[in-house]
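Heads up, the thing below is written out as structure tokens.
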Amino acid sequence: MRESTFRTQMIEAREAPDQRRGLSGWLRANLFNGPLNSVVSVAVIGLLAWILWPFLKWAVVDANFLGSTREDCTGSGACWVFISARFESIIYGFYPAAERWRVDIVFALMAALVAWLAIPRLPRKRLVGLFTLVGFPIIAWFLLLGGHFGLPEVPTRAWGGLMLTLTVATVGIVGSLPLGVILALGRRSKMPFVKSVCVIFIEFWRGVPLITVLFMASVMLPLFVPGNVEFDKLLRALIGIMFFWSAYMAEVVRGGLQAIGKGQNEAGQALGLGYWQRMGLIILPQALKLVIPGIVNTFIALFKDTSLVLIIGLFDLLAIIRAGLTDSNWLGFSTEGYVFAALVFWIFCFSMSRYSQYIERRLNTSYRR
Amino acid sequence: MSEAQAAAAPGDDKPMIQIERLNKWYGSFHVLRDIDLTVTRGERIVICGPSGSGKSTMIRCINHLEEHQQGSITVNGIPMNHDIKRIEQIRRNVGMVFQHFNLFPHLTVLENCCLAQIWVQKKPRAEAEQSAMEYLERVQIANQAKKYPGQLSGGQQQRVAIARALCMRPEVMLFDEPTSALDPEMIKEVLDVMIELAHEGMTMLCVTHEMGFAKTVADRVIFMDQGQIIEEAPPETFFNNPRSERTQLFLSQILGH
């Protein structure tokens with residue numbers, strides 16, 4: 001027996017791991033667990049403070065929050081009075097003040113439905129989902145547009161602000177996903193006609209800039225249709241946005257479809273399931289789950305690009321804030337306006353991103369190896 | 001269609017599967033050459049041969065997972081054609097078990113077994129679940145019904161796949177190398193299930209290299225090479241007195257060590 005192989009003495013006990021909890025324990029474990037890490041932590045904290053402090057000073061410490069007119073902007077920092085004074089128009093656009101309760105109802109209903117669908121514990125998902133897809137748009141259409149049931153008509157050119165942004169984003173999201181799925185399936189079809197129609201559709205809409213699509217929808221389309229047929233400008237923009245994003249969505253979904261082995265389809269065929277059954281029950285549930293990050297990525301891009309409707313004369317959130325900046329009473333508050341617009345967009349996009357991560361985690365546990 | 005249904009009436013002694021002068025090409029590659037095969041009701045057939053000999057392709061033609069270019073296939077009296085309705089009618093009579101199981105990973109074991117019963121046979125869920133549990137019991141895996149396929153071993157997954165196919169009460173079962181992807185100690189549990197099924201009188205076509213299984217249950221062993229059926233004989237004759245030289249060589253290679 002060689003001595004070098006076996007120890008003859010016990011090793012001394014190691015120090016017990018640091019059990020301190022709370023702030024000091026956390027700091028020690030995560031920021032100061034060694035000389036180099038301590039130096040890096042201090043440097044990073046210093047850098048952040050150096051960059052963030054002036055912004056915080058401007059946005060919070062030296063800012064004015066209360067008041068209603070320009071005279072209330074006394075501090076040296078931001079004057080959020082500009083936002084609060086114009087808050088109503090930022091939310092409702094030019095929607096007549098007396099009718100804004102209609103928008104409130106639609107907002108509340110949408111928030112309730114989205115919450116119901118998003119919280120896994122609540123029952124009757126299928127029924128609520130069906131209502132969200134079919135019932136809600138009809139109700140929203142009648143309420144927002146009016147002209148029936150004694151409600152005065154509010155034409156879409158009076159819509160604006162956050163309400164318009166949400167309308168465009170919601171219609172875009174709800175429309176582009178199913179259309180994208182159909183296009184993706186069509187592109188993989190063995191039928192040459194279906195396949196070429198889908199390929200041409202996808203490649204056309206993916207190949208043109210969204211601005212061009214919106215211009216064509218608002219300026220060129222009326223030139224081609226007979227004069228007495230009038231399409232609503234918003235409706236044209238909505239269709240353009242839906243087609244444009246459905247092409248992107250189709251490619252995202254197709255990526256997911258490619259990832260599902262052909263054995264899954266064959267197993268479905270061998271059991272006698274038809275094409276739509278195989279797609280709906282076996283292939284798509286797996287494929288869509290795989291591409292949730294890509295789908296949500298597209299949703300987020302779509303949400304932000306709704307601000308492009310500005311160029312065809314629709315006043316979304318960003319456009320209405322810009323319009324407010326030209327108000328002679330409020331000249332020189334553009335920083336506040338843009339920061340606020342950025343914050344609103346960021347809140348919506350970040351929520352979508354977080355929710356998608358939550359969904360991914362939740363679906364994954366169901367059949368993790 | 002009515003002619004086909006009339007022909008499908010059970011109890012007649014028409015062949016279960018009749019393949020006549022079947023030819024298939026992948027591009028210019030001739031995978032199946034003039035295959036003739038008749039399988040009677042209740043017959044158990046083992047198909048073996050070197051890889052690339054067309055054995056999997058042949059059984060996959062029987063439920064039209066592969067399309068053939070020439071010749072005819074008749075399953076349970078229903079002649080195959082390109083009509084998807086007709087193909088689905090045939091598939092309802094034919095169960096299939098794959099080398100890589102092909103269970104649906106997003107569904108539990110029980111849901112895997114119920115899916116086609118509910119959507120193809122239009123059974124109520126409760127009834128489908130009951131019959132799924134019966135078959136899971138028979139392959140001795142009922143206690144795993146609530147699990148997902150990813151949580152099971154290969155052998156367990158393959159038994160679930162067999163139960164899933166049996167739930168449709170097929171008249172024929174096709175096995176495409178059912179044990180080739182399994183660890184050695186799991187092969188037996190799958191073969192046991194297949195042997196039991198054979199003893200119950202199920203018509204079976206089985207592509208496998210398990211020669212022990214062939215000796216135990218096969219009525220006929222078929223040897224294929226280069227897209228042709230080279231030899232077909234009862235197992236005793238096949239293993240003891242193979243006629244063709246190619247078969248002798250194959251057998252010496254797989255039994256020789």
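The values are calculated or read from the model by the stated rules, or taken from the named source; none is laboratory data. Quick caveat: nothing in here was measured; it's all calculated off a predicted structure. For neighbour counting, all protein chains shown are included, and Cβ atoms are generated from backbone atoms with ideal geometry for every residue, glycine included. Each accessible area value is taken on the protein alone, full model and side chains, heavy atoms only, with ligands, DNA and RNA left out. Shrake-Rupley method; radii C 1.70, N 1.55, O 1.52, S 1.80 Å.
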Which numbered condition trips up A:Gly332, out of (1) touching a strand residue (DSSP E or B) at 6+ places or on another chain (Cβ under 8 Å); (2) at pLDDT below 85; (3) open to solvent by 40 Å² or more (accessible area, probe 1.4 Å)? (1)
If we scan the stretch B:53-62, do we find a residue that is part of a strand (DSSP E or B) and modelled with pLDDT of 90 or more? no
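Residue-wise test of (1) within 27 Å of B:Phe104 (Cβ to Cβ); (2) not in a helix (DSSP H, G or I); (3) not polar (S, T, N, Q).
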| position | (1), (2), (3) |
| --- | --- |
| A:Gly272 | yes, yes, yes |
| A:Ala287 | yes, no, yes |
| A:Asp305 | no, no, yes |
| A:Asn329 | no, no, no |
| A:Cys349 | no, no, yes |
| A:Ser353 | no, no, no |
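How many residues does the stretch A:33-91 contain that are part of a helix (DSSP H, G or I), without any contact (Cβ under 8 Å) to a residue 60 or more places away in the chain and under 30 Å from A:Leu314 (Cβ atoms)?
Qualifying residue count, the stretch A:33-91: 4.
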Taking only the stretch B:216-257 into account, find how many residues are closer than 20 Å to B:Arg44 by Cβ and polar (S, T, N, Q). 4
Starting from the stretch B:99-115, take each residue that is touching a residue at least 24 places away in the same chain (Cβ under 8 Å) and list its partners that are in a loop (DSSP other than H, G, I, E, B) and of a type in the set (A, V, I, L, M, F, W, C), counting only C-beta distances under 6 angstrom and pairs at least six apart or across chains. B:Gln99/B:Ala181; B:His100/B:Ala181; B:Val109/B:Ala145; B:Leu110/B:Ala145; B:Asn112/B:Leu103; B:Asn112/B:Phe104; B:Cys113/B:Cys167
A:Gly263 vs. criteria within 14 Å of chain B (Cβ to nearest Cβ) and outside any helix (DSSP H, G or I): no
Near pairs, Cβ below 7 angstrom, 6+ apart or cross-chain, from the stretch A:248-262 (in the same structural domain as A:Ser176 (by TED's automatic domain parsing)) to any residue that is assigned to a helix (DSSP H, G or I) and charged (D, E, K, R): A:Tyr248/A:Arg206; A:Ala250/A:Arg187; A:Arg254/A:Arg187
Is it the case that the stretch A:299-311 has a residue that's over 20 Å from A:Glu203 (Cα atoms), open to solvent by less than 20 Å² (accessible area, probe 1.4 Å) and not hydroxyl-bearing (Ser, Thr, Tyr)? yes
From the list B:Asn112, B:Asn93, which one is within 13 Å of chain A (Cβ to nearest Cβ) and open to solvent by 20 Å² or more (accessible area, probe 1.4 Å)? B:Asn93
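Residues are listed down the side, and each one gets a yes or a no for (1) over 34 Å from the mean Cα position of the chain (by Cα); (2) open to solvent by 80 Å² or more (accessible area, probe 1.4 Å); (3) farther than 30 Å from A:Tyr338 by Cβ:
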site	(1), (2), (3)
A:Pro35	yes, yes, yes
A:Ile51	no, yes, no
A:Asp62	no, no, no
A:Thr69	no, no, no
A:Thr74	yes, yes, no
Counted residues in the stretch A:331-347 being touching a residue at least 24 places away in the same chain (Cβ under 8 Å) and assigned to a helix (DSSP H, G or I) come to 8
Kindly establish whether B:Glu127 is away from every other protein chain (no Cβ under 14 Å), within 23 Å of B:Asn93 (Cα to Cα), of a type in the set (Asp, Glu) and surrounded by fewer than 23 Cβ atoms within 10 Å (Cβ to Cβ). yes
State whether the residues of the stretch A:341-352 include one that is surrounded by 20 or more Cβ atoms within 10 Å (Cβ to Cβ), touching a strand residue (DSSP E or B) at 6+ places or on another chain (Cβ under 8 Å) and either under 17 Å from A:Ile173 (Cα atoms) or more than 14 Å from chain B (Cβ to nearest Cβ) (or both). no
Being within 14 Å of chain B (Cβ to nearest Cβ) and either open to solvent by less than 60 Å² (accessible area, probe 1.4 Å) or not in a helix (DSSP H, G or I) (or both), is that true of even one residue in the stretch A:230-252? no
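To keep it simple, each residue is scored yes or no on (1) open to solvent by less than 60 Å² (accessible area, probe 1.4 Å); (2) at pLDDT 85 or above; (3) touching a Leu at 6+ places or on another chain (Cβ under 9 Å); (4) of a type in the set (D, E, K, R).
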{"site": "A:Phe82", "(1), (2), (3), (4)": "yes, no, yes, no"}
{"site": "A:Gly93", "(1), (2), (3), (4)": "yes, no, yes, no"}
{"site": "A:Ala97", "(1), (2), (3), (4)": "no, no, no, no"}
{"site": "A:Trp101", "(1), (2), (3), (4)": "no, yes, no, no"}
{"site": "A:Met110", "(1), (2), (3), (4)": "yes, yes, yes, no"}
{"site": "A:Arg124", "(1), (2), (3), (4)": "no, no, no, yes"}
Name the residue that is surrounded by the fewest Cβ atoms within 10 Å (Cβ to Cβ), counting only residues in the stretch B:51-79 that are of a type in the set (A, V, I, L, M) and away from every other protein chain (no Cβ under 14 Å). B:Ile73
Helices (runs of 4 or more DSSP H) enclosed by the stretch B:143-257 - at least 3 residues per element that are open to solvent by 20 Å² or more (accessible area, probe 1.4 Å) and of a type in the set (D, E, K, R): B:184-199
Can you name every residue in the stretch A:266-281 that is within 8 Å of another protein chain (Cβ to nearest Cβ), touching a residue at least 12 places away in the same chain (Cβ under 8 Å) and either open to solvent by 20 Å² or more (accessible area, probe 1.4 Å) or farther than 17 Å from B:Leu174 by Cα (or both)? A:Leu281
Is it the case that A:Ser24 is among the small types (Gly, Ala, Ser), in a helix (DSSP H, G or I), under 25 Å from A:Gly324 (Cβ atoms) and open to solvent by less than 80 Å² (accessible area, probe 1.4 Å)? no
On the given criteria, is A:Thr156 of a type outside the set (Phe, Trp, Tyr), touching an Asp or Glu at 6+ places or on another chain (Cβ under 7 Å) and either open to solvent by 20 Å² or more (accessible area, probe 1.4 Å) or at negative phi (or both)? yes
